[in-house]
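The values are calculated or read from the model by the stated rules, or taken from the named source; none is laboratory data. This one's a predicted model, so the numbers in the text were calculated from it and none came from an experiment. We place every Cβ from the backbone using ideal geometry, glycine too, and count neighbours over all the protein chains shown. Just so you know, the surface numbers come from the protein's heavy atoms only, side chains and all, with ligands and any DNA or RNA stripped out. Shrake-Rupley method; radii C 1.70, N 1.55, O 1.52, S 1.80 Å.
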Amino acid sequence: DFSHEVGETVADFSSRGPVNINYMVKPDVSAPGVNIVSTVPTFDPANPHGYGAKQGTSMASPHVAGAAALILQANPKWDVDDVKAALMNTAESITDPATGNAYSHNTQGAGSIRVLEAIETTTLVTPGSFSFGVFDKVDEKIKSRGKGKGKQNGTQTKKTKFTIENLSSKRQTYSFNVNIGNGSKAIKVSTSKNVKVNPGKKQDINVEVKVDVDKLDPG
């Protein structure tokens, strides 16, 4: 008998993103990594079968590797980007019980992996995430007058694209919703509205991100 259900949470010691060199969004996904029972060496020939509860990336990474192996077994023609996208596209968002809100993307990635959903997905969106790096628009006029590095000012735009692949046997329509939260006045994301993709076909979607530094707090 169980007294209550314990939902998925992110461990306090779990690594957070972004990457500190190029500010890539990380992690990609989350997986079980706390108090996982696994085999351990005993160094005792008389008692060779040892087990212990461990935690960390050493436990979470094998979960993801095993999930990738199952996905490849079901879809042997998929490449690395396809497998990664399937895991990220179908991951389940994890909620922080302390706040009632979802953990940030730099804490949980796309969410907790769901192997069966990844195997049975009817849509692949690649890449699984975007990393635009640092937006650092500098006022060149102030800089040219010899007043140091200049100040952050004006707007900066970056563009990219992603690909939707319809794996189903029916024509599908896709729509997009971008929620910037507190930065919505300064950050605008433009992309296609409703996109129709025929069965077995792919469609490239352009994305434009515009940041207005004047509407953001310094830093």
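The residue that is least open to solvent (accessible area, probe 1.4 Å), counting only those in region 160-190 that are part of a loop (DSSP other than H, G, I, E, B) and touching a strand residue (DSSP E or B) at 6+ places or on another chain (Cβ under 7 Å), is A186. Test P76 against the criterion of being surrounded by fewer than 12 Cβ atoms within 10 Å (Cβ to Cβ), at pLDDT 95 or above, out of contact with any strand residue (DSSP E or B) (no Cβ under 6 Å at 6 or more places or on another chain) and part of a loop (DSSP other than H, G, I, E, B), and give yes or no. So P76 fits the description; yes. The set of residues from region 158-178 being at pLDDT 95 or above and small (G, A, S) comprises S168, S169. Screening A85, A102, A67 for residues that are in contact (Cβ under 8 Å) with a residue 40 or more places away in the chain, of a type in the set (A, V, I, L, M, F, W, C), surrounded by 11 or more Cβ atoms within 10 Å (Cβ to Cβ) and in contact with a strand residue (DSSP E or B) (Cβ under 8 Å, 6 or more places away or on another chain) leaves exactly one candidate, A85.
Residues are listed down the side, and each one gets a yes or a no for (1) open to solvent by less than 70 Å² (accessible area, probe 1.4 Å); (2) modelled with pLDDT of 95 or more; (3) on the phi < 0 side of the Ramachandran plot:
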site	(1), (2), (3)
E5	no, no, yes
S14	yes, no, yes
G17	yes, no, yes
I21	no, no, yes
D28	yes, yes, yes
N35	no, no, no
N47	no, no, yes
G56	yes, no, no
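Is it the case that F43 is on the phi > 0 side of the Ramachandran plot and free of Cβ contacts under 8 Å to residues at least 60 places away in the same chain? Spelling it out, F43 is indeed on the phi > 0 side of the Ramachandran plot and free of Cβ contacts under 8 Å to residues at least 60 places away in the same chain. The residues of region 88-99 that are open to solvent by less than 40 Å² (accessible area, probe 1.4 Å), in contact (Cβ under 8 Å) with a residue 40 or more places away in the chain and part of a loop (DSSP other than H, G, I, E, B), listed by number, are A91, I94, D96. Among the residues of region 191-219, the one identified as surrounded by fewer than 13 Cβ atoms within 10 Å (Cβ to Cβ), under 20 Å from the mean Cα position of the chain (by Cα) and more than 26 Å from E120 (Cβ to Cβ) is N206.
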